[in-house]
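*Asks:* Right, I'll just put the structure down here and ask away after.
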Amino acid sequence: MRAVVGSVFVLAALVAIPAPAGAATPQAAMSADHNLDERIENRLSTSTLKKYDIKVSVTNSVATLTGTVRTEADRRKASQLATIKGISRVENQLVIDESAPTGTTGRIKSTVKEGAEKTKEGAEVVADKTKEGLSKTGEVITDSWITTRVHSKFVGEDLLKDSDISVETNDHVVTLKGTVMSAAGRARAVEQAREVEGVHRVIDQLRIGPKK
């Protein structure tokens, strides 16, 4: 009987032990992340990047940026603004698109829709007049032709050595994905793709880093 009573007292003592001082509760961590999120959004909204629709999400002190900007400089600036005290790492997932809309969120949605309709109409007109167009060598400029030409432009480029780039073409709009070894390589890949005949626009989704 005494052994049983002793066990009960030990159990009660264990239950009554308070959490270590300074240990963050899940609620406290969420609150801290929310505060960091608001601070970063405020920094972005009072900078030249306020024209873009950049979304911020902070989880466990890691800030994730998503959306679209027009230049690599804007992309880097967003990372700098998100690097504040309390943030351990910034995951910059912003996509570079030279035709990225600017303005308020509502205007962005409207612009994207209008732009898509105009692009579609323009593509239909081009198709009617030129049957997809001809290159200087007389070849029909199709999406697959553009993809092949873009890949060939990358061959032998020193800045693109050890890169892993995939090319997708849809309605003469080229999307670059994968990795390059430097910012200079990234800029060179976009430049080379833009120079290919028939390319209307280049969407840069490349990341800087080693091959995966």
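The values are calculated or read from the model by the stated rules, or taken from the named source; none is laboratory data. Please read all numbers here as calculations on a predicted model, not as lab measurements. Heads up, the Cβs are rebuilt from the backbone with ideal geometry, glycines too, and the neighbour counts pull from every protein chain shown. Please note that ligands, DNA and RNA were not included when accessible areas were found on the heavy atoms of the full protein model with its side chains. Shrake-Rupley method; radii C 1.70, N 1.55, O 1.52, S 1.80 Å.
*Asks:* If you add up the charges near Val90, with Lys and Arg at +1 and Asp and Glu at -1, over every other residue whose beta carbon is less than 15 angstrom from its beta carbon, what do you get?
*Replies:* +4
*Asks:* May I pose another question? So if R0 is 41 Å, what FRET efficiency would Gln93 and Thr142 give, r being the distance between their Cβ atoms, rounded to the nearest 0.05? Could you put the intermediate results ahead of the total?
*Replies:* On the way: r = 31 Å, r/R0 = 0.76.
So, using R0 = 41 Å, E works out to roughly 0.85.
*Asks:* With all protein chains present and a 1.4 Å probe, how do Asp164, Asp97 order by accessible area, largest first?
*Replies:* Working: Asp164 80, Asp97 20 Å².
I get Asp164, Asp97, largest accessible area first.
*Asks:* Anything over 27 Å Cα to Cα? Flag those among Lys55/Lys153; Lys77/Lys211; Lys55/Lys85; Lys85/Lys177; Lys51/Lys85, in the order listed.
*Replies:* Correct reply: Lys55/Lys153; Lys85/Lys177.
*Asks:* Per residue of the stretch 80-85, in order, report the coupling 6.51 cos²θ - 1.76 cosθ + 1.60 (Karplus, θ = phi - 60°) as ³J(HN,Hα) in whole Hz, putting x for Gly and Pro.
*Replies:* 5, 5, 7, 7, 10, 4
*Asks:* Still on this structure, I have one more. Taking K and R as +1 and D and E as -1, what net charge do the other residues with C-beta under 10 Å from the C-beta of Thr66 add up to? Please report the intermediate quantities before stating the final value.
*Replies:* On the way: positive: Lys55; negative: Asp53, Glu91.
Around Thr66, the surrounding residues sum to -1.
*Asks:* Could you tell me the accessible area of Thr142 in Å² (1.4 Å probe, neighbours in place), rounded to the nearest ten?
*Replies:* Roughly 30 Å² of Thr142 is accessible to a 1.4 Å probe.
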